[in-house]
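Inspection log for the structure reproduced underneath, given as structure tokens.
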Amino acid sequence: MISAQSTKLASLLEQSGLFTPDQVQELLERKQESGRSITDVVVEQGLAREEQFLEALAGAMNVPYVRLNDAKIESAVLERLSPKAVFQYNVIPVEAANGTLRVATHDPFHPGLLDALRMASGNRVRLALSPSADIAKAATKFYGVGADTLERMIQDDRIELAPEDDMKKDLSDVDQEASVVKFVNQIIWEAFQDRATDIHLEPMETSLRIRYRIDGVLHQTPVPAHLKRFQASIISRIKVMANMDIAEKRLPQDGRISLKIRGEDIDVRVSTMPTVYGESVSLRLLMRHSGLTGLDKLGLADNDEKILKKLITKPHGILLVTGPTGSGKSTSLYAWLHTINSIDKRIITIEEPIEYEMAGINQIQVRSEIGLTFAMGLRHILRQDPDVIMVGEIRDRETAEIAIRAALTGHLVFSTLHTNDAAGAVTRLVDMGIEPFLVASSVEGLIAQRLVRRLCKHCRREIKPDKAFLESVGFPLDRLEEGAIYEAVGCDECRGTGFVGRTGIYEIIVVTDRIRPLVVSRASATEIRTVAMQQGLRPLRHDGWTKVLKGITTVEEVLRVSEDNEDLAET
């Protein structure tokens, strides 16, 4: 028997003008079989995009179709519906007038939806249609991440513990605190969805601030107003997950969480630090396998890629990559290893931590607490008959000396240094106490790099450049004919940031016979850089300007990540 609702739905589907009578019948049958919303069924069958279907259906139903990307909803309207109802039904109130609440949904035929919303709000309810993704984003934006979970926590009297008592409890063993577990999971899930690399939970005087680092830039995420009440519970839950001491809140602690999201293995490095208003918690998300990439995906210019391929296939010597924290040095090292990894090469790494696991490579984790330092591990690696050695970072003289000895005895060594430019790596090694002639004999190549955000291709906008500004920042005006300059705008695809992902800008110094005498004579980084530029070095900003003209990034991004030391840029 066909229900009255099915008859009404069939009529509306026909009025939408998107489907034939046969398709309408098939959609109704599939909806009944699956129990899913008609919108989901239409999209799954590939008969229409969600936005297209809902707009047509709204016309047939004579209700508004709204996009919520830049919607401004008054707080008084949002308060008409509880977070529990909003997240349970994936709806959001958009306006209220004359005792009627307009609520956006993507599933207007959900059984009992109108009655449930009337009871929850105490108002007459009229519907509007909006894509499910729009509603979910708006709900998080206006109510805060995990708002429905927090509401349940507030309603559960048993969870309102004094901070002192709360710290003594193992949250995973307490039934009522399953809500805390879910809230922490939601924080990590949201970060994963937003492609965040770091999560920071920062206690303020009257609030608990949560920020995600996305493409190298921090973004504050909306949180429910009463989150501060549950600060101790949330931090304790994270400590339990990371196998930390939940009773110790006076000293910094480090831990690790291993988890899976959508089948992908993720390591989360956790660090806590006591502050005036409680413990600050930082979580670094490391995707064990997705971080692996080839040399061709690093964003190298064609000529730079050819130079680097020659360097990483040399039989011996040291290759150093330099840059500040977060400049993609580890990703580059792994890309080099991935490129040369083969059955006839024995490759051993020593890292802190092991960020990505690579098949066919022997990886060692530094453990300073038991004496396994970079220097000690490297010393023993040399007894393991390696062909290629990767040292996560050269931090001290001892590690540097062993790495140089390894290079001089027929090994190829990859490592990193924290210096501002490529030439500075040489002077840093000499400053560590390494004899200049040893540096000159062992170092084959120096690479400096930074990461710039990639413009979103869906919303980037070409602009007419301000030539006076470009000239003031050293942009070569004679190159403007090579391409166009774009600016970031922001859209659904990039979550309003204007950028999606990052790429590298590079400068590469090959240590040649002209440069080696300079190293031996303790020449300054500036002198080494001058000779390197005479031999064809492309400075960081030069590479950055090329990517600007190709529409990959913006002038502001290049300026943000590179230093103003390009007075030598013109050769």
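A few remarks follow.
- Of residues in region 219-249 being more than 17 Å from Met204 (Cα to Cα) and outside any helix (DSSP H, G or I), the one least open to solvent (accessible area, probe 1.4 Å): Ala242
- None of Ser271, Ser282 is within 17 Å of the chain's Cα centre (by Cα), part of a strand (DSSP E or B), modelled with pLDDT of 90 or more and closer than 28 Å to Arg229 by Cα except Ser282.
- Residue in region 492-520 that is farthest from Arg428 (Cα to Cα), counting only those that are within 33 Å of the chain's Cα centre (by Cα) and without any contact (Cβ under 8 Å) to a residue 40 or more places away in the chain: Glu493
- Residues of region 95-111 that are more than 16 Å from Ser75 (Cα to Cα) and open to solvent by 50 Å² or more (accessible area, probe 1.4 Å): Asn98, His110, Pro111.
- Counted as qualifying within region 5-74 are no helices (runs of 4 or more DSSP H), as none has 1 or more residues that are over 39 Å from the mean Cα position of the chain (by Cα) and hydroxyl-bearing (Ser, Thr, Tyr).
- Failed criterion for Leu201 (all others in (1) modelled with pLDDT under 85; (2) within 19 Å of Ser280 (Cβ to Cβ); (3) touching a Ser or Thr at 6+ places or on another chain (Cβ under 8 Å) hold): (1)
- Unique match (being under 12 Å from Leu129 (Cβ atoms) and surrounded by fewer than 17 Cβ atoms within 10 Å (Cβ to Cβ)) among Gly59, Gly46, Gly35, Gly17: Gly59
- Number of residues in region 385-413 that are closer than 19 Å to Ile343 by Cα and either in contact with a strand residue (DSSP E or B) (Cβ under 6 Å, 6 or more places away or on another chain) or open to solvent by less than 10 Å² (accessible area, probe 1.4 Å) (or both): the value is 7.
- The lone criterion from (1) touching a residue at least 60 places away in the same chain (Cβ under 8 Å); (2) open to solvent by 50 Å² or more (accessible area, probe 1.4 Å) left unmet by Leu259 is number (2).
- Scanning region 526-538 for residues that are buried (at least 20 other Cβ atoms within 10 Å of the Cβ) and over 19 Å from Ile505 (Cα atoms) yields a single hit, Ile528.
- Assessment of region 343-363 against the conditions (open to solvent by less than 20 Å² (accessible area, probe 1.4 Å) and touching an Asp or Glu at 6+ places or on another chain (Cβ under 6 Å)) yields no matching residue.
- All of Ala523, Ala423, Ala484 fail the test of being surrounded by 13 or more Cβ atoms within 10 Å (Cβ to Cβ), closer than 27 Å to Leu311 by Cβ and touching a residue at least 24 places away in the same chain (Cβ under 8 Å), apart from Ala423.
- Here Thr272, Thr313 are screened, and the one residue that is β-branched (Val, Ile, Thr) and within 28 Å of Gln193 (Cα to Cα) is Thr272.
- Checked against the criterion of being over 30 Å from the mean Cα position of the chain (by Cα) and closer than 19 Å to Leu13 by Cα, the candidates Ala116, Ala96, Ala85, Ala128 yield just one match: Ala128.
- The set of residues from region 299-308 being touching a Leu at 6+ places or on another chain (Cβ under 7 Å) and open to solvent by 10 Å² or more (accessible area, probe 1.4 Å) comprises Leu300, Glu305.
- Under the condition of being touching a strand residue (DSSP E or B) at 6+ places or on another chain (Cβ under 9 Å), open to solvent by 30 Å² or more (accessible area, probe 1.4 Å) and farther than 13 Å from Arg453 by Cβ, the residues counted in region 539-561 number 1.
The values are calculated or read from the model by the stated rules, or taken from the named source; none is laboratory data. What you see is a predicted model, and the numbers here were worked out from it, not measured in a lab. Neighbour counts are summed over all protein chains in view; Cβ atoms, including those assigned to glycine, are modelled from backbone coordinates with ideal geometry. Accessible surface is based on the protein model in full, side chains and every heavy atom, while ligands, DNA and RNA are left aside. Shrake-Rupley method; radii C 1.70, N 1.55, O 1.52, S 1.80 Å.
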